[in-house]
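Before I ask anything, let me first share the structure, which is written out below as structure tokens.
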Amino acid sequence: MNQTKVIIFDAGTIINFAMNGLLDMLVKLKKDFKGKFIVTEKVKEEAIDRPLTIKRFELEALMIKKLFDENIFELPYDLVKREDMISERNKLLDLLNHTYYAKGEFMKIVHGGGTSSLALSMILSKKGIDNVVAVDERTARMLVENPENLRQLFSQKLHTKVEMKKDISFLKDIRIIRSSELLYLAYKKGLVDLKDHDVLEALLYAAKFKGCSISFEEIEQIKRIG
Amino acid sequence: MIEEKEHVLQVLKEVKEAFRKNDVIKLHELSNQTIHSASIKQDDTSIAFAVVTYSMSKILERTNYQEYPGWTYFFQKCKQNLEQAIKGLERNDEEGFKKHIKAIEGLIDELTGNFKMHIQQVFEKAKIGKASRIYEHGISMEQTANLLGVTLFELAEYAGRTGVSDINLNKTLTVEKRISYVKEIFK
């Protein structure tokens, strides 16, 4: 087994930390981590390059960019070849967008960034590199952990029959965490410089309200674990 | 040719009628109907139609907009474009339908001052609102943001305030298991 460990960050997770003013928490976590925080090129585009062109989000994008400049986040090319990365991402993108079928059409459900994170995880696992993917949005998580639930969700929401035309069970070995688990760990490690109130609850709700797909019930369960 | 033409035509006629009658509730309801085809087809026109219908409901809801000098022009032009879009569909003229649906948002360029700013904001918020609904339907956040031309920042913030994360089907792993992943990787 390769000794390098990797956390692959999706754009939503980084954006969540940025919007909550918690990017310093990622810096502290990185110092405590025996490995790399990796971001794919596509994710970098979404978390930095595009928001840098929009005045309302320019500041957050600059703060995220600083983490790249300081090597808190890195691109994956020390570990994988760029062409392999692109090839795997495109294959997966095509497959996932030709999996769910409704009303005579394949549903285009994913885009490049999230898919590139999943593709990278598979490449790293094949190389024996221990990794997890930090994804806040729920669709990627459901594709990996329970694609049948996603089919049922589509069917319920669209009030129509939705079929799965491809077997994507090979994704199930990808391990997914969210900003909520990273914040939980930061709290447990004493990296959160706040006290006198229910800090863990505050962190988890902050993550939820900035797009982390965690339910109220899950927040209560995490609080009970403490 | 446009799929489900008859359904779209029916909805479009109801949108026109609801707009004419200032029926905000009906428009809101119709905008929800448009989101199903927008989620599946994801073509520009389905998306634009969903955004336009929702925006119209919001614009009519804010009755103070009707006091702006540009209101009558805007209202009449919206009606005309809806009528032309209906005629386009009836003639199987998909391009005509698309042109007139998109022209409704394009009317913003013909407005001025605060009225222009308000209408622009309504459309921008409508895009985020509709993006959130499409995400709620199961399409990934990134794909949805890309479709509607909104940022992940805006969409994540909006979606975070909805109940999208609280439905049972979302639960794919126990919290204990997921916490074990993060603890293991940090060992």
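The values are calculated or read from the model by the stated rules, or taken from the named source; none is laboratory data. Note that the structure is predicted; figures quoted are calculated from it, not measured. Methodologically, a virtual Cβ is constructed for each residue, glycine included, from the backbone with ideal geometry; neighbour enumeration extends over all protein chains shown. In case anyone asks, the SASA skips ligands and DNA or RNA and just uses the protein heavy atoms, side chains included. Shrake-Rupley method; radii C 1.70, N 1.55, O 1.52, S 1.80 Å.
For residue B:85, are the conditions met, namely being in contact (Cβ under 8 Å) with a residue 40 or more places away in the chain, under 24 Å from residue B:9 (Cβ atoms), assigned to a helix (DSSP H, G or I) and open to solvent by less than 50 Å² (accessible area, probe 1.4 Å)?
yes
Of all residues in the range B:9-60, which are among the acidic types (Asp, Glu) and within 17 Å of residue B:80 (Cα to Cα)?
Residues satisfying the conditions are B:14, B:17.
Which of the residues that make up the range A:85-96 are open to solvent by 60 Å² or more (accessible area, probe 1.4 Å) and touching a helix residue (DSSP H, G or I) at 6+ places or on another chain (Cβ under 8 Å)?
The one that is open to solvent by 60 Å² or more (accessible area, probe 1.4 Å) and touching a helix residue (DSSP H, G or I) at 6+ places or on another chain (Cβ under 8 Å): A:91.
Can you tell me which residue is farthest from the chain's Cα centre (by Cα) among those in the range A:159-184 that are hydrophobic (A, V, I, L, M, F, W, C) and surrounded by fewer than 20 Cβ atoms within 10 Å (Cβ to Cβ)?
So the residue we want is A:164.
Taking residue B:129 as the residue in question, decide whether it is on the phi < 0 side of the Ramachandran plot, more than 8 Å from chain A (Cβ to nearest Cβ) and open to solvent by less than 60 Å² (accessible area, probe 1.4 Å).
yes
Within the range A:200-226, track down each residue that is open to solvent by less than 60 Å² (accessible area, probe 1.4 Å), facing another protein chain (nearest Cβ under 8 Å) and within 21 Å of residue B:157 (Cβ to Cβ).
Those that are open to solvent by less than 60 Å² (accessible area, probe 1.4 Å), facing another protein chain (nearest Cβ under 8 Å) and within 21 Å of residue B:157 (Cβ to Cβ): A:208, A:210, A:211, A:212, A:213, A:214, A:215, A:218.
Regarding residue B:140, is this residue open to solvent by 10 Å² or more (accessible area, probe 1.4 Å), of a type in the set (Gly, Ala, Ser) and within 7 Å of chain A (Cβ to nearest Cβ)?
When the stated conditions are applied, residue B:140 does not pass them.
Moving to a separate point now. Filter the range B:143-172 for residues that are more than 7 Å from every other protein chain (Cβ to nearest Cβ), in contact with a helix residue (DSSP H, G or I) (Cβ under 7 Å, 6 or more places away or on another chain) and outside any helix (DSSP H, G or I) and give the result.
Passing the criteria: B:149, B:150, B:162.
Let me ask another. Among the listed residues B:45, B:72, B:53, which satisfies the condition of being touching a residue at least 12 places away in the same chain (Cβ under 8 Å), assigned to a helix (DSSP H, G or I) and surrounded by fewer than 23 Cβ atoms within 10 Å (Cβ to Cβ)?
None of the other options fit; the residue is B:45.
Of all helices (runs of 4 or more DSSP H) completely enclosed by the range A:1-84, which ones contain at least 2 residues that are open to solvent by less than 20 Å² (accessible area, probe 1.4 Å) and within 22 Å of residue A:209 (Cα to Cα)?
Result: A:11-19, A:23-31, A:58-69.
Just one of (1) open to solvent by 10 Å² or more (accessible area, probe 1.4 Å); (2) at pLDDT 95 or above; (3) not hydroxyl-bearing (Ser, Thr, Tyr) trips up residue B:169, so point out which.
It is condition (2) that residue B:169 fails.
Among the residues of the range A:10-34 satisfying the criterion of being within 11 Å of chain B (Cβ to nearest Cβ) and either hydroxyl-bearing (Ser, Thr, Tyr) or without any contact (Cβ under 8 Å) to a residue 40 or more places away in the chain (or both), which is nearest to residue A:187 (Cα to Cα)?
Residue satisfying both the conditions and the ranking: A:33.
A follow-up question, please. Might you check whether a residue that is in contact with a helix residue (DSSP H, G or I) (Cβ under 6 Å, 6 or more places away or on another chain) and acidic (Asp, Glu) occurs anywhere in the range A:123-131?
No, the range A:123-131 has no match at all.
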